Amino acid sequence: MDYTIATLGTHSALQILRGAKDEGFKTIAVCKRDHAFVYRHFGVADTIIEINSYDEFHTVEDDLIRNNAILVPHASLIAYVPPKTIESLRVPYYGNRRILFWESDRDRQRIWLEKAGLNIPKIFKDPSEIDRLVIVKFHGPKGGQGYFLARSEQEFMRKIGVSKDYVIQEYIIGIPVYIHYFYSVIRGELELMGFDRRYESNVDGIGRIPAEVQQGIDVTYTIVGNFPLFLRESLLPEVFKIGERIVEASREICSPGIYGPFCLETIVTPDLKFYAFEISARIVAGTNVFMETSPYALLKHGKPMSTGRRIALEIREAIEQGRLEEILG
Ligand code: ATP
């Protein structure tokens with residue numbers, strides 16, 4: 001195969017590039033100069049292209065095209081490379097680029113999740129409406145940094161500071177479950193890749209100190225890492241149904257809809273309801289916990305299969321069947 005799989009050297013690049021190699025592709029990592037050694041160290045990239053800052057990403061495009069590259073996006077590529085650059089990329093891009101328009105804005109995400117008929121936390125338009133525990137989030141993918149909880153308008157006012165760009169969301173008491181899906185265009189099927197939960201500072205450390213010390217400490221949700229998770233098998237039918245509905249709704253809002261990897265971020269309550277609070281329309285870093293495989297992907301494919309490798313498998317099958325156009329967006 002004379003195609004190359006390329007991605008930006010951060011986030012889930014190790015997984016994407018290793019998976020591409022497992023499927024027989026050559027690989028390129030586009031890295032910030034001070035990150036390049038990591039990709040050299042792990043030997044996942046046949047070629048490393050160094051840039052000084054993510055703003056320079058567009059300067060490597062001709063190089064990528066010359067190498068017959070297919071660009072695999074991940075959250076950091078979307079976050080760090082300016083939207084204008086992504087929109088106008090000439091290098092083939094894996095996935096539906098237009099779905100990013102729906103993913104990048106909480107209000108549009110909400111329309112999508114509502115269309116899919118999912119349970120979603122209530123939004124409070126004005127702090128004066130706060131009548132229960134809420135989580136206050138800031139815009140942009142900040143990885144949970146600076147988020148805070150409040151029970152009343154007064155508490156909100158005390159904690160909000162000068163920021164005006166926030167959303168006030170009902171806090172669902174339950175446990176976080178991040179569901180990793182993969183929709184295959186080539187096989188016409190939704191696959192379950194796995195589940196993770198996040199390890200966040202300082203909220204996951206609060207339980208390590210006595211209750212009297214906890215009082216007065218504000219919790220924050222800065223993501224530091226992820227844990228693998230296995231769900232009760234009796235919940236899997238619901239998990240599949242939810243995923244199918246998201247795919248169907250995405251076709252209505254943004255044809256041909258979502259395909260490839262995506263993740264639904266949920267809270268599961270004690271009555272076993274899934275509340276979706278966010279959707280990520282591409283590979284999430286939580287899949288890194290299954291860099292070799294998840295049990296579900298192993299069952300499905302009969303061999304180790306990470307989400308990164310699953311992307312490469314999809315691209316390989318598309319090339320072999322002359323259907324590459326169908327998975328580039
Ligand atoms: P992104 O995935 O775009 O980076 P983020 O990490 O900045 O988003 P979220 O994923 O929205 O932020 O939330 C951070 C944390 O807050 C997660 O641990 C999540 O479990 C928790 N959380 C978010 N929304 C709610 C909610 N409505 N109820 C309970 N917990 C929530």
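Using every pair of alpha-carbon atoms in the chain, split the distances into 20 Å bins beginning at 0 and state the percent of pairs per bin, rounded to integers.
P(r) over the chain, rounded to whole percents: 30, 57, 13, 0.
How much length is gained on full extension from Phe240 to Lys273, taking 0.36 nm per residue of separation minus their Cα-Cα distance?
Using 0.36 nm per residue and subtracting the Cα-Cα distance, I get 10.5 nm.
Take the alpha carbon gyration tensor of region 21-66, find the square roots of its eigenvalues, order them as a ≥ b ≥ c, and report rounded if a/c is under 1.5; if not, report prolate when a/b exceeds b/c, else oblate.
oblate
So how far apart, in nm, are the two label points at Asp131 and Asp105 if each is 7 Å from Cα heading toward Cβ?
If labels sit at Asp131 and Asp105, their model points lie 2.9 nm apart.
Quick one: among Glu87, Glu233, Glu170, which has the greatest mean-square fluctuation in a GNM of the chain with alpha-carbon springs under 10 angstrom?
Glu233
Which residue fluctuates most in the GNM of the chain (Cα springs below 10 Å): Ile186, Ile28, Ile173?
With Cα springs under 10 Å in the chain, the top fluctuation among Ile186, Ile28, Ile173 is at Ile173.
Would you mind computing Rg(Cα) / (2.2 N^0.38 Å) for region 4-93, counting N as its residues?
0.96
In degrees from 0 to 90, rounded to the nearest 10, what is the angle of the helix 236-253 Cα long axis to the longest principal axis of the chain?
Helix 236-253 sits roughly 70 degrees off the main axis of the chain.
Just report the Cα centroid separation between region 191-268 and region 98-130, whole Å.
So the separation of the two Cα centres works out to 16 Å.
At a Förster distance of 30 Å, what's the computed FRET efficiency of Leu298 paired with Lys122, Cβ-Cβ distance as r, to 0.05? It would help to have the intermediate numbers written out before the result.
Working: r = 39 Å, r/R0 = 1.29.
Given R0 = 30 Å and the Cβ-Cβ separation, E is 0.20.
Any chance you could give the angle, 0 to 90 degrees and rounded to 10, that helix 307-320 forms with the longest Cα principal axis of the chain?
Orientation of helix 307-320: about 40 degrees from the principal axis.
When the accessible area of region 9-67 is split by element with a 1.4 Å probe, what percent falls to carbon and sulfur?
Reported share for carbon and sulfur atoms: 47 percent.
Label points 7 Å out from Cα along the Cβ direction at Arg90 and Ile223: separation in nm?
Distance between label points: 3.3 nm.
What percent antiparallel are the DSSP beta bridges of the chain, to the nearest 5?
70
How many angstrom lie between the C-alpha centres of region 271-325 and region 36-61?
24
Taking all protein chains as present, what is the carbon and sulfur share of the accessible area of region 249-329, in % to the nearest whole number, probe 1.4 Å?
C and S fraction of accessible area: 53 percent.
Using 1/(1 + (r/R0)^6) with R0 = 45 angstrom and r between the beta carbons of Ala211 and Glu233, what's the FRET efficiency to the nearest 0.05?
Efficiency computed from Cβ-Cβ geometry: 0.80.
To the nearest 10 degrees, how steeply does helix 13-22 sit against the main Cα axis of the chain, on a 0 to 90 scale?
Between the helix axis and the principal axis of the chain, the angle is about 40 degrees.
Only Cα pairs within less than 10 Å get springs; with that Gaussian network setup on the chain, which residue of Leu272, Leu71, Leu229 has the largest fluctuation?
Of the options given, Leu272 has the highest mean-square fluctuation.
So what is the calculated 222 nm ellipticity per residue for the chain, using -39500 (n - 2.57) for each DSSP H run with n of 4 or more, over all residues, to the nearest 500 deg cm²/dmol?
-8500 deg cm²/dmol
Could you work out the local net charge near Ala150, counting Lys and Arg as +1, Asp and Glu as -1, over the other residues with Cβ closer than 9 Å to its Cβ?
Combined, the nearby Lys, Arg, Asp and Glu give +1.
The values are calculated or read from the model by the stated rules, or taken from the named source; none is laboratory data. These figures come from a predicted structure and were not determined experimentally. Cβ coordinates were reconstructed from backbone atoms using ideal geometry, including for glycine residues, and neighbour counts include every protein chain displayed. The area values use the complete protein model at the heavy-atom level, side chains included, leaving out ligands, DNA and RNA. Shrake-Rupley method; radii C 1.70, N 1.55, O 1.52, S 1.80 Å.
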